[in-house]
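A short reminder: the numbers here are calculations on the coordinates, not readings from a lab. These numbers come from a predicted model, not from an experiment. Cβ: placed from backbone, ideal geometry, glycine included. Neighbour counts: every protein chain shown.
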């Protein structure tokens, strides 16, 4: 009986303590709640977690633009790294849900990065401090943001350019030395003036090497030998040398005169004589006509199109069309004077003189056979 009373007393005291604790927690004022949140935020900021992607986003989200950091991370990190960072970040974000995105790999990576950057930019969200161990997994940014990796890369490029400039400078010095050596060579060989006596005359035996004339059997004197004799005797002239060459069988090459240019008269006032009239034919291919179009109708159309042009004859020949029930085609041969041939070609090749929708072009007769038929 005593034991039962003691157990009841303990249960009563325990219930009293629990109710007292519940009353105390319910009676916390707003200041205590704020202190409790600050303590929780301090505890979360004291946590350090390794993640290169989140470390980069957490440090650069306040420096780079939102779109720039999203494009940079999606092009540098793989989809697997982005999903790993999203799952790691969702463990420390309680009031927001980072859902797993769907779609293509590019769309999932971009949408997941948008969620990560928005979470890091949220001032009400307390995140742990992320750090990086592998520096190579931090994407380099421009020098404008004073990123040390970009600065090191620029220094490395400058060193390479300096090495190239040093090599070019060494090659330039070698070229200067080579040029000075070349300039010294003429001074060593031309110390005195060049005299004619420095060059010996041609040997007399060299005359045996000259070609002989088939008729006279004499040697043809060379210009060099004559020039040497001229230097010694000052008596042989160029005229005598030419006569000697002509006597020994060397003939002068005839000068070809350019052919005279032919002209065709075009005067309209001088009518004392008349030229023979020559004619030319302008062949025209006319198509896309009505299937029942006749030769006489096409002749009337050409007479209307010629205007003031002098036409001597018009011959229209119907051609075999591929679809004769749909359209008809003709070969039109217009005979004009040779003087008006170019004007006739320009006139009948113009679209203004033919009816609307008619297809016209120059006609060239086939080499083998013919596709012409009588109308």
Proxy exposure order for 365, 118 (fewest C-beta within 10 Å first) is 365, 118
Footprinting proxy, 184, 113: sorted fewest to most Cβ within 10 Å, the residues are 184, 113
Percent RCO, i.e. relative contact order, over the stretch 279-373, from Cα pairs under 8 Å lying at least 6 residues apart: 43
Shape of the stretch 45-139, Cα gyration tensor, a/c cut at 1.5: rounded
Determine the gain in length on full extension of the stretch residue 156-residue 312; use 0.36 nm per residue of separation and subtract their C-alpha separation, reporting nm with one decimal. 47.5 nm
Could you line up 283, 115 from fewest to most neighbouring Cβ atoms inside 10 Å? 283, 115
Can you order the peptides 93-102, 305-314 by their average number of other Cβ atoms within 10 Å per residue, highest first? 305-314, 93-102
Suppose a student asked you for the relative contact order of the stretch 45-139, using Cα pairs under 8 Å spaced at least 6 residues apart; what percent would you report? 55
At 0.36 nm per residue, minus the direct Cα-Cα distance, what do residue 181 and residue 296 gain on full extension? Give it in nm, one decimal, please. 32.2 nm
7 Å from Cα along Cα→Cβ at both residue 46 and residue 92: what's the point-to-point distance in nm? 1.5
